[in-house]
Amino acid sequence: MFTAAVAAQASGVLAGALELTTGHIKQRRQFGRALAEFQAVTMQIADVYIAGRALDVAMWSAAWRLSEGLPAGQDLALAAYHVGESVRALYTCQHLHGGLGLDVTYPLHRYFAQAGHLSHLLGGADAQLDLIGALV
């Protein structure tokens, strides 16, 4: 149950960071164009979106299995793995914000710090891969 709750919070953190970053790249202009118009930027923000969707699917699957009283160990480990991977997605968000993303007074910093804390609570992505391997 704890892992599912942490995964749900991480899902919200990643969704908030994605929204903030999407807004930033639509408005920030470089070389006379919005950052969102550059193909490389579009591919990077798409990777963040995919990381969020993968976390959502794993989290909801685990939550459903728990609610039905079904074994949920593998689903919870997979959700925890994606919580760890959300930190990588937050690095991409910081990159897309440039130096602004590292400023502790800028909102993205709080998303990044929270994602890191949540990942540490669950042991990180590598520990979850070990657990998934043991469960399979």
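Scanning segment 57-85 for residues that are open to solvent by less than 30 Å² (accessible area, probe 1.4 Å) and under 13 Å from the mean Cα position of the chain (by Cα) returns Ala58, Met59, Ala79, Ala80, Val83, Gly84.
Across segment 33-52, a minimum of one residue is classified as in a helix (DSSP H, G or I), within 23 Å of Asp130 (Cβ to Cβ) and open to solvent by less than 40 Å² (accessible area, probe 1.4 Å). Do we have Asp126 as open to solvent by 40 Å² or more (accessible area, probe 1.4 Å) and under 21 Å from Gln9 (Cα atoms) here? Yes; evaluated as a whole, the condition is true for this residue. Among the residues examined, Tyr91 does not qualify as buried (at least 22 other Cβ atoms within 10 Å of the Cβ), among the hydroxyl-bearing types (Ser, Thr, Tyr), part of a helix (DSSP H, G or I) and out of contact with any Ser or Thr (no Cβ under 7 Å at 6 or more places or on another chain).
The values are calculated or read from the model by the stated rules, or taken from the named source; none is laboratory data. None of these values were measured; they are calculated from a predicted model. Glycine gets a Cβ as well: all are built from the backbone with ideal geometry, and neighbour counts include every protein chain shown. In case anyone asks, the SASA skips ligands and DNA or RNA and just uses the protein heavy atoms, side chains included. Shrake-Rupley method; radii C 1.70, N 1.55, O 1.52, S 1.80 Å.
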